[in-house]
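Down below is the structure, laid out as structure tokens.
The values are calculated or read from the model by the stated rules, or taken from the named source; none is laboratory data. Here the structure is a predicted model, which is why all the values come from computation and not from measurement. Heads up, the Cβs are rebuilt from the backbone with ideal geometry, glycines too, and the neighbour counts pull from every protein chain shown. Calculation scope for accessible area: heavy atoms of the full protein, side chains included, ligands and nucleic acids excluded. Shrake-Rupley method; radii C 1.70, N 1.55, O 1.52, S 1.80 Å.
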Amino acid sequence: MSETLHNLLIGFEVVLAPSVLIYAFLGCVIGTIVGVLPGLGPLAGISILLPLSYGLPTTTAIVLLAGIYYGAMYGGSTTSILMRIPGEAASVITCIDGYEMTRRGRAGPALAIAAIGSFVAGTVSVVALMLLAPPLARFALAFGPPEYLALLLMGLLVLAYISSGPMPKTLTMAALGLLLGMIGIDPMSGYNRFSGGIHELTDGLGLVPLAVGLFGLSEIMLAFGKGAMQPVARPRLAELMPSREEARASVGPIWRGTVIGFLIGIIPGSAHILSSFVSYAVERRLSPHPERFGKGAVEGVAGPESANNAAASGAFVPMLALGVPLGPVQAILIAVLTMHGVAPGPLLIAQQPQLFWGFIASMYIGNVVLLMLNLPLVGLFVSFLRLPYAYLYPIILVCCIVGVYTVNFSMVDVLIMAGAGAVGYGLRRLGYDVAPIVLGFILSPMLEMAFRQSLAMSGGSYAIFFERPIATSLLAVGVLLLLAGLAPSLRRRRVDLKEAHE
Amino acid sequence: MSTSWPNLGAVGRQRIGAFAIMATGAVFIWRSLADLPLGTIDDPGPAAMPLLLATLLVLFAVWNLIAGSAGLIAAENDERAEPGGLAHAARIIAAMVAAALALDPLGYRLTILAVLVFFLGLVERKPIVTVLIVSFALSFGSHALFQHVLKVPLPAGPWGI
Amino acid sequence: MMETASGYFRHRIVGAPLVGAQPNETDARAKRATTRVAPTHRLRMTGLSALLVLSCFAAAPARAEDKFPSRPITILLGYPPGGSTDTTARAIAPVLERILGEPVVIQNRPGAAALVGTQAVANAVPDGYTITVATTQLALLPAVDQVFGRPPSFSRDQFAPIALISADPSIIFVNASQPWRTFQELVDDAKKRPGQIVYASGGLYGTTHLAIEIALKATGTKMRHLPTAGGGPALTAVLGNHAALLAAHPAVGGPQARAGALRPLATMGAKRVASFPDVPTLKELGYDGEYYQWNGLFTQAKVPEPIIDIYRAAVAKAVEDPEFLQAMARVGSGTEYLDRDAFRPWWDADSKKTEDTVRAIGKVQ
């Protein structure tokens, strides 16, 4: 333990040097700008600024890029809360209750809680990363396709708790999302599915155009007329910070979100997107007043925001401990390391301690810098909303176009966003809640791939799901959760029937 | 209740929604069976999961229809809808589509300029001077931000604009 | 101010250029506006936007081009940042910039397994200012299209090779906990239980898939294929022992092997790999199979010959440049330089190998 502290101090010594600190700050600022823009996510931010990092010494380069990554995660929640436009995939869930808080004049508290929750989650998960990276990485490696499938099936259960509408509507929207996720090339067989010969569709519809269109565009289309989209009353300075009740209500969700997010984040694959969804569902399930969700419950912001920051840190565990990139962001960071002559791998921590600890220290610093950056900016962001609506919404539309276009430099993405906007508008006018579509869209390709990969491993035998302890236990937990979820409604039906008989 | 949206009533809207979704599911079922191999139980093909999901979609839509018609679930409408809302929505979609198609041939600056002038000038009828100032400032300014600060290359239009 | 908006339009816009208004005219207009509604920020906005508009015309139009290159060059990649193609491009770009005297910018355009970017290169104006670093995808994607009966998205003869830059042989790594200590043991075991051993690849028809299939064909064995979503997930799958082996680039599997998590059994090149001097080649073991993960510089076929010669000369100098060699060494990639005349037959042979292997794999469902 003392050795860890000693190493951490070395790391801090490296990072607190002014030359490095400037780049940490710069990275956070750029990341925030990038994150605030809908669409342009942390990946784009890092790949754009990659050349900037070449001339820098290794630790500084990593600190800069990690700062951008974190900044983008913090910034992404800003547009979700203020305009219901998801900044990037991880902020989709924040749109639901975050935006409702804005509509009730609680934009400032929502932003503040998001920043504070992200800070707590980020700091705690960095500690966990620091202490537990190697054993966690080994645990993460044990997750193969069957385990992944079991986990994703539990993710399916989460779908039911995402929406506050009646079950048939929620399930229909979830099924629609699941089906839309099938568009694109099938990685297991090479067939192009439902892409109509359009090359840009072979990678699927794209989460960013879909989410920005379904959530953001439809919101602008619906909010027609005076008073739309603006806080009901002009917020005073005191109202920019959370009230005592809001703060107290956020404590539990923040802690739970941190744990959930970190655990999901270390698992290989894109599962970390699920962290915010799972946190939302857990908070809703645990809340004594679940009907408040979807109407501006602060728990619906605190939990998911903490979860996605913790997942972002968790995703670094395999990268640092094993040298294995589990996503495109980590791939770039690993490329940066290799270009500086540092070979990432299981021996990185042992052979290059100043790099590992410098990175850890920079994550602490990054979190502090971002909190200091974002809290004062809350007032600035909220006052942005006070622009006359006639000027505000065209500017937002332009931001959507740019943000979505710059993900792949493809105008097809903008068309998809327009289509998703039209569909989202129609569905909402017809009385549906579009949130489950996004979760289903994310889940189905991963589910299908995990399932077919498992069968490929076993040569077609379904027994593989029951021969592996982690997979079997996860499946069992999933079944229990399903039964636990159904039990109250079964009991209610029995009570209704009994009352009907009397 | 918007006057431009046909006055269907809650149940009618439920029905339209359910049928539209059923139609979507049917299209996916048709394309899956037509183009893609089904595979076997121990080696499911690319058609398997889409077929399953599309079938579930149709079933859930039918459930919706039945539950809605029987009045078991409330059909909500977004309470913020106002007259003229449909036209506003249609304008936005049209502008987005036009912008998407114009981005590569016309370049970023001209496209964004056109979008802003369209909304601020033609739709919102703001004073012409303000419209031009704001549109030029935002389109050229944001281009400068992306091109020089963030180093994101944006498409150039005719004459390098 | 005019009475109606349309009247204002008719008066102001017709005959007067909308763009490039002279500062005094804009100021005059703004002053008239400010007498009505007087926030001073309007004046500031006017000046600012006029400045912005004028600054866009400060960049002079293209000068007469009598010397190549006379403006920035773009290396358009079909791969995302972080992959081997990207790092190779980033290694050579600054050196080429120094030699050619013009900025060399890298643009990533990933999508559809390099299809989107590669097509963009093929369709770009063949003036020599858009080049690419490419690999097997030039032959692979049309071959896969053929297997599925689709019209090919592009064809190899839309591209003109300039030079081969690097070619690293794939190495077959097994999970360290697996019982096979030599490649021959693996082959014998595979022959005893055909189709039981699982290998991981970074994707169907990808380089790591083709490499193993070529090795399997050379040894006459059959194994079960576990496709994953890319090089990283494939590596994870083997590290976690969900698959027993994979064919990986030496730099990718190297750190893991040195840490003892993976064991290299054979390399698929003509010679042994410098970083793994104890690992035999397939040829030495008596099996006829070679596979390289290579990167070459290409441009459009219609680019005039003199321009291609300029590039060829530049690359010939670049591959000797110490900055380039150092950058490549750091990412663990060797350099294997072949000028166009030697590269073309090499590329044709490699492409044929790719096409044959893809055809042999065929549709998996």
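Relative contact order of region C:210-311: 24 percent, from C-alpha pairs under 8 Å at least 6 residues apart in sequence. Here the calculated FRET efficiency for C:Asp341 and A:Ala476, from their Cβ-Cβ distance with R0 = 45 Å, stands at 0.10, rounded to the nearest 0.05. Each peptide in C:206-215, A:280-289 was scored by the mean count of other Cβ atoms within 10 Å over its residues; highest first, the order is C:206-215, A:280-289. With R₀ set to 35 Å, the beta-carbon distance separating A:His199 from C:Lys67 gives a calculated FRET efficiency near 0.45. Working from the alpha-carbon coordinates of region B:121-161, get Rg over Rh, Rh being the Kirkwood radius. When Rh is taken as the Kirkwood radius, the ratio is 1.10. Which distance in Å, rounded to a whole number, links the C-alpha centroids of region A:368-382 and region C:165-226? Each part reduced to its Cα centre gives a spacing of 53 Å. For A:Lys169, the accessible area of its heavy atoms, probed at 1.4 Å with every protein chain present, is near 10 square angstrom. Dividing the convex hull volume of the alpha carbon atoms of region A:1-95 by its residue count gives 102 Å³ per residue.
Remark: spin-label model distance A:Thr4-B:Ala23 equals 6.0 nm, labels positioned 7 Å along the Cα→Cβ axis. What the Kirkwood sum gives for region A:317-371 is a hydrodynamic radius of 11.6 Å, with every pair of different alpha carbons counted. Under a 5 Å amide H cut-off, with hydrogens placed 1.01 Å from N, C:Ala163 pairs with C:Leu297 among residues at least 5 apart or on other chains. Electrostatic tally near C:Leu246: other residues with Cβ closer than 13 Å to its Cβ, Lys and Arg +1, Asp and Glu -1, net +1. Residues with beta-carbon under 12 Å from that of C:Thr281, excluding C:Thr281: net charge, scoring Lys, Arg +1 and Asp, Glu -1? Local net charge: -1.
When the Kirkwood radius is taken over all Cα pairs of chain A, what Stokes-Einstein diffusion coefficient follows at 10 °C and 1.306 mPa s, in µm²/s? In µm²/s, the coefficient rounds to 68. Quick one: Cα centre-to-centre distance for region A:50-115 and region C:318-349, in angstrom? The two parts, judged by their Cα centres, are 41 Å apart. For chain A, complete DSSP H runs whose alpha carbons reach 24 Å or more along their own long axis and whose mean Kyte-Doolittle score is -0.5 or higher are A:18-36, A:58-83, A:107-141, A:145-162, A:244-266, A:353-384, A:389-408, A:411-429, A:435-458, A:469-501.
Counting Cβ atoms of other protein chains within 10 Å of each residue's Cβ and taking the mean over peptide A:421-427 gives 4. Taking the Kirkwood radius as Rh and the Cα radius of gyration as Rg, region C:290-331 has a ratio of Rg/Rh equal to 1.07.
Compactness of region C:169-296 was expressed as the Cα radius of gyration divided by 2.2 N^0.38 Å, which yields 0.93. Just the protein heavy atoms count here, and of the accessible area of chain A at 1.4 Å, carbon and sulfur take up 70 percent.
The rule of thumb for compact globular proteins, 2.2 N^0.38 Å, goes into the C-alpha radius of gyration of the protein assembly as shown 0.95 times.
Between region B:87-161 and region C:239-278, the alpha-carbon centres lie 52 Å apart. Hey, with R₀ at 22 Å, roughly what FRET efficiency would C:Val105 and B:Asp104 work out to, going by the Cβ-Cβ distance, to 0.05? For R0 = 22 Å, the calculated efficiency reads 0.75. Inter-label distance, C:Arg181 to B:His148: 6.7 nm, where each label sits 7 Å from its Cα along the C-beta direction. Its residue count N fixes a reference of 2.2 N^0.38 Å for region A:130-229, and the Cα radius of gyration divided by that reference is 1.50.
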